[in-house]
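The block underneath contains the structure these notes are about, expressed in structure tokens.
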Amino acid sequence: MKPLLILDNHFRQRDELFRKDTYDALGELCEIHGGRDEPMPRAEVEERLPDAHFYVAARPELTADEIASASNLKATIEVSGAFRDGLDYGACFDRGIEVLSCSPGFRNSVAEMALAMMLAGGRGLIDQHEAFRTGTEQWLDDREATDFSLYQQSVGFIGYGQISRETHRLIAPFAPKVMAYDPYVSDAGPDVELTDLDTLVSTCRVVVVAAVPSEDTRGLLSAALIDKLRPAALVILISRAWCADFPALMQAAGAGRIQVATDVFPDEPLAPDDPLRTSRNVILSPHRAAAVPGGRHLIGDMILHDVAAILNKEPSRQLKRADPTIVEGLVAAQSQMNAMPNT
């Protein structure tokens, strides 16, 4: 008999997560219960849970008692993109149940967006496109005060996780000089200089904010650090607005001191009359760095890999394991962000 995998993927669409061949391969490994593009009734989860080996959900919610009843459960896998409340993490750890997040599965599409923002910001593509509409475009102008080439450019990453590493891989042909700040990374490889935040922001022409939202990273790119950014620096906000002093960042851009490209905002969606819509020196993207056809299929590939690895008692994981020492802080930060208006 195949192991049972409960798939409660809503709000995600099944085809958003899985290529057909990936889903079929997962079905060869496991009996899949669910996989519907609608919420699974809680009673249905509770009924199947005692027999389940895997619980894959947009937001896995299990109490300690439910975990105790799930004698076969080997792993929970969230497919929203972050560890959230509703799951008794301690009970999972006590039982040896793996707690996995799909967040690494966004790395390709989000890194691609970061690269697009670097090129568009550095070469003034959006600004000059808009200038054409008013007849103020600058023909053959080097725009020395604002534009730059990515070749051999100084690029700094605040947070050097999977998105930053993939972005670094994409920009490698430009031979950039890369710095990174990440207190959880002790060795980023020979092509990365690990440094402190002050040095990074005062040195790099491009600063990519890709830190994981947690209690420790709230406002990490502070107003004081924003004041230390190089003139005409380009700040790319690709993780969460939580990680920067957003008003200070927009003020610096509006004053013409820096450029900003952001895919995220403190309140989403942005109000129709929000002054940010007409701000200078800002590239705006409506939280769609991962929103592209096939952009989340890497998540399904990773689920297939890790389910097979767990069943075969192999140690390798592609999804992100919950770290018992920090997961509570991640969950708390996510809860606070969810409580913010419209976020």
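Measure of size requested: the Rg and Dmax of the chain, with Cα atoms as the atom set and Å as the unit; please supply both.
Using the Cα atoms of the chain, the pair Rg, Dmax is 21.8, 70 Å.
Let me know the whole percent of all Cα-Cα pairs from the stretch 26-93 that are separated by more than 19 Å.
Numbers: 643 of 2278 pairs.
Roughly 28 percent, rounded to a whole number.
Identify which of Asp85, Asp65, Asp191 has the largest mean-square fluctuation in a Gaussian network model of the chain, with springs joining Cα atoms closer than 10 Å.
Asp65
Using a ≥ b ≥ c from the Cα gyration tensor of the stretch 84-217 (square roots of the eigenvalues), is it rounded, prolate or oblate, where a/c under 1.5 gives rounded and otherwise the larger of a/b and b/c decides, a/b for prolate?
Working: a/c = 2.82, a/b = 1.93, b/c = 1.46.
Cα axes put the stretch 84-217 in the prolate bin.
Excluding Thr217 itself, what net charge comes from residues whose Cβ is under 11 Å from its Cβ, given Lys and Arg +1 and Asp and Glu -1? Provide the component values of the computation, followed by the final result.
Details: positive: Arg218, Arg240; negative: Asp182, Glu215, Asp216.
So the environment of Thr217 carries a net charge of -1.
Counting other C-beta atoms within 10 Å, and keeping those with at most 14, which DSSP coil trypsin sites (Lys or Arg not before Pro) do you find in the stretch 119-169? Could the numbers behind the result be given before it?
Values: sites: Arg123, Arg133, Arg143, Arg165, Arg169; in loops: Arg123, Arg143.
Passing both the DSSP loop test and the Cβ count: Arg143.
Once each part is reduced to its C-alpha centroid, what is the distance from the stretch 148-164 to the stretch 212-270 in angstrom?
The two parts, judged by their Cα centres, are 16 Å apart.
Taking the chain, how many lysine pairs are there with alpha carbons less than 23 Å apart, if each pair must be eight or more places apart or span two chains?
Close lysine pairs under the 23 Å cut-off: 6.
Which value in deg cm²/dmol, rounded to the nearest 500, describes the helix-derived mean residue ellipticity at 222 nm for the chain, given -39,500 (n - 2.57) per DSSP H run of n ≥ 4 and division by the residue count?
Working: 13 runs with 119 residues, N = 343.
Helices in the chain give a 222 nm mean residue ellipticity of -10000 deg cm²/dmol.
Read phi for every residue in the stretch 8-17 and hand back ³J(HN,Hα) as whole Hz from Karplus 6.51 cos²θ - 1.76 cosθ + 1.60, θ = phi - 60°, with x for Gly and Pro.
With coefficients 6.51, -1.76 and 1.60, one gets 10, 7, 4, 8, 5, 8, 4, 6, 5, 8 Hz.
In debye, nearest 20, what is the charge dipole magnitude of the stretch 107-284 about its Cα centre with +1 on Lys and Arg Cβ and -1 on Asp and Glu Cβ, if you could check?
220 debye
Computed from the coordinates by the stated procedures, all read-outs in this text should not be read as laboratory data. Because the structure is predicted, anything quoted here is derived from the model rather than measured. Every residue, glycine as well, gets a Cβ built from its backbone with ideal geometry; the counts of neighbours run over all protein chains shown.
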